[in-house]
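Note sheet for the following structure.
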Amino acid sequence: MIEINNVSKWYGQFQVLTDCSARVAKGDVMVICGPSGSGKSTLIKTVNGLEPVQQGEIRVDGVKVNDKATDLSALRARIGMVFQNFELFPHLSVRDNLTLGQIKVLGRSREEAVARGLHYLERVGLLGQQDKFPSQLSGGQQQRVAIARALAMDPIAMLFDEPTSALDPEMINEVLDVMVGLAQDGMTMMVVTHEMGFARRVANRVLFMDQGRIVEDSSKEAFFAAPRSERAREFLARIV
Ligand code: ADP
Ligand code: MG
C-alpha cells in the first residue's frame with residue numbers, strides 16, 4: 001500500500017533523510033519512533049506529498065507521490081492525516097469540520113456528508129457534540145473529532161504524527177483507544193508515537209529513526225525483545 005524507496009531529502013544544505021526505505025502493506029500498523037529531530041515528521045509527510053523529496057521514490061497504492069504528473073490533492077484526499085495539534089478549523093462547528101472536506105473535495109451532498117460525519121463522530125464516542133466549536137472541547141475530544149473528520153473521507157490509509165503528545169495524560173488513552181479500534185478494524189496506519197503501549201498492542205512493525213536514517217525496521221516482537229541498534233536500546237530504556 002505504501003512504499004518508500006531509497007528516499008533522501010535535504011532542507012537546504014541539511015540532509016534530513018538519508019536513504020530511507022520502508023513498506024507498509026494493507027492493514028499493517030507501522031509505528032515510527034526515535035529521538036526528537038530524527039526526521040520522523042518529515043518522513044511521514046513525504047507519504048502524502050506534504051514534503052517533497054530530492055531522491056528516491058514514494059508510492060501509495062501504486063501511485064507515485066513524487067511525480068509532477070500526480071494530482072497531489074486527489075492523493076491527499078485518500079490519505080487521512082492527524083497531527084499533534086488537532087488542526088480543527090476553529091471558526092467552524094464540529095459538524096462543519098466533519099463535512100467541509102467531504103463536500104468541497106469529494107463533492108458529496110450536505111446531507112450525505114452530515115450522515116457520514118455523525119457516523120464517525122459516534123465511532124469516536126462524541127455523538128451529541130456536533131454543535132460545539134473546537135474551543136469548547138477538551139484536547140482529547142478535539143483530537144477524536146480530527147480522527148473522525150479524517151475517517152469521513154474514506155481514506156485508504158491513515159497517517160498520525162504524535163497524535164497524543166500535546167494531550168494531558170488523562171486524555172491520552174481516549175485517543176489511543178480510538179486508534180487501537182481502527183487498527184483492529186484493519187486500517188492501514190503509519191503512526192509516529194512514543195506510546196510503546198500502543199505499539200505493543202497493535203503494531204505489526206516498529207521503525208526506529210536516528211539522524212535521518214531508518215536504523216531499525218523490525219517486527220514488533222523482535223523490536224521489543226531485543227532492538228538491534230544501541231540507539232534503539234537506549235531509547236527504549238529511557239521511555240518504557
Ligand atoms: P522529528 O519529527 O523526528 O522530531 P523532524 O522531521 O521534525 O523530526 O525534523 C528533522 C530535522 O529537520 C530537525 O533537525 C529539524 O530541525 C529539521 N527541520 C524540520 N523541518 C524543517 C524545515 N522546514 N526547514 C529546515 N529544517 C527543518
Ligand atoms: Mg516530529
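Going residue by residue through segment 52-66, is there one that turns out to be within 16 Å of ligand 1 (Cβ to nearest atom), touching a residue at least 60 places away in the same chain (Cβ under 8 Å) and either open to solvent by less than 60 Å² (accessible area, probe 1.4 Å) or part of a loop (DSSP other than H, G, I, E, B) (or both)?
No, there is no match, as no residue in segment 52-66 is within 16 Å of ligand 1 (Cβ to nearest atom), touching a residue at least 60 places away in the same chain (Cβ under 8 Å) and either open to solvent by less than 60 Å² (accessible area, probe 1.4 Å) or part of a loop (DSSP other than H, G, I, E, B) (or both).
Quick one: would you say THR99 is within 15 Å of ligand 2 (Cβ to nearest atom) and assigned to a helix (DSSP H, G or I)?
So THR99 does not fit the description; no.
Please return the ranges of helices (runs of 4 or more DSSP H) entirely within segment 126-240 where 3 or more residues are open to solvent by 60 Å² or more (accessible area, probe 1.4 Å). If you could, list the steps in order and put the result at the bottom.
Values: elements: 139-151, 169-184, 196-202, 220-225, 230-239.
In segment 126-240, the matching helices (runs of 4 or more DSSP H) lie at 169-184, 230-239.
Can we say VAL16 is of a type in the set (A, V, I, L, M, F, W, C), within 15 Å of ligand 1 (Cβ to nearest atom) and touching a Gly at 6+ places or on another chain (Cβ under 9 Å)?
Against the criterion (of a type in the set (A, V, I, L, M, F, W, C), within 15 Å of ligand 1 (Cβ to nearest atom) and touching a Gly at 6+ places or on another chain (Cβ under 9 Å)), VAL16 qualifies.
Select, from VAL47, VAL82, the only residue that is touching a helix residue (DSSP H, G or I) at 6+ places or on another chain (Cβ under 7 Å) and either more than 16 Å from ligand 1 (Cβ to nearest atom) or of a type in the set (A, V, I, L, M) (or both). Spell out how you get there, then give the answer.
Values: VAL47 fails: touching a helix residue (DSSP H, G or I) at 6+ places or on another chain (Cβ under 7 Å).
Result: VAL82 is the single residue among VAL47, VAL82 that is touching a helix residue (DSSP H, G or I) at 6+ places or on another chain (Cβ under 7 Å) and either more than 16 Å from ligand 1 (Cβ to nearest atom) or of a type in the set (A, V, I, L, M) (or both).
State which residue pairs qualify: first residue of a type in the set (D, E, K, R) and in a helix (DSSP H, G or I) and inside segment 38-50, second residue within 8 Å of ligand 1 (Cβ to nearest atom) and open to solvent by less than 10 Å² (accessible area, probe 1.4 Å) in any location, beta carbons under 7 Å apart, and separation of 6 or more residues or different chains.
Filtered contacts from segment 38-50: LYS40/GLY34; LYS40/VAL192; LYS40/MET209.
Only residues that are free of Cβ contacts under 8 Å to residues at least 24 places away in the same chain and within 22 Å of ALA166 (Cα to Cα): list them for segment 189-231, please.
GLY197, ARG201
Of all residues in segment 157-171, count the ones that are away from ligand 2 (no atom under 16 Å from the Cβ) and at pLDDT below 95. It would help to see each step written out before you state the result.
Keep residues of segment 157-171 that are away from ligand 2 (no atom under 16 Å from the Cβ), which gives 157-158, 168-171.
Now narrow it down to the ones that are at pLDDT below 95: 168-171.
Here the count works out to 4.
Restricting to segment 102-116, count the residues that are open to solvent by less than 80 Å² (accessible area, probe 1.4 Å) and either part of a helix (DSSP H, G or I) or at negative phi (or both). Before the answer, list the steps.
Taking segment 102-116 as the starting set, the residues that turn out to be open to solvent by less than 80 Å² (accessible area, probe 1.4 Å) are 102-103, 106-109, 112-116.
Next, only the ones that are either part of a helix (DSSP H, G or I) or at negative phi (or both) stay: 102-103, 106, 108-109, 112-116.
So the answer is 10.
Does VAL31 meet the test of being closer than 27 Å to ARG238 by Cβ, among the aliphatic types (A, V, I, L, M) and modelled with pLDDT of 95 or more?
On the way: closer than 27 Å to ARG238 by Cβ: yes; among the aliphatic types (A, V, I, L, M): yes; modelled with pLDDT of 95 or more: yes.
When the stated conditions are applied, VAL31 passes them.
Return the residue satisfying two criteria in turn: it lies in segment 67-88 and is assigned to a loop (DSSP other than H, G, I, E, B) and open to solvent by 80 Å² or more (accessible area, probe 1.4 Å), and of such residues it is farthest from ligand 2 (Cβ to nearest atom).
That would be ALA69.
Any idea how many residues of segment 36-49 are open to solvent by 10 Å² or more (accessible area, probe 1.4 Å) and more than 10 Å from ligand 2 (Cβ to nearest atom)?
Number satisfying all stated conditions: 1.
Here is a list of conditions, (1) within 13 Å of ligand 1 (Cβ to nearest atom); (2) within 18 Å of ASN204 (Cβ to Cβ); (3) aliphatic (A, V, I, L, M); (4) in a strand (DSSP E or B), and ILE4 meets all of them except one; can you say which number that is?
Failed condition: (1).
If LYS9 meets every condition in (1) among the basic types (Lys, Arg); (2) away from ligand 1 (no atom under 14 Å from the Cβ); (3) more than 30 Å from ASP185 (Cβ to Cβ) apart from one, which number is that one?
(2)
The values are calculated or read from the model by the stated rules, or taken from the named source; none is laboratory data. All figures in this text were calculated on a predicted structure; none of them were measured in a lab. Methodologically, a virtual Cβ is constructed for each residue, glycine included, from the backbone with ideal geometry; neighbour enumeration extends over all protein chains shown. For the accessible areas, the whole protein counts, side chains as well, though only heavy atoms, and no ligand, DNA or RNA atoms are used. Shrake-Rupley method; radii C 1.70, N 1.55, O 1.52, S 1.80 Å.
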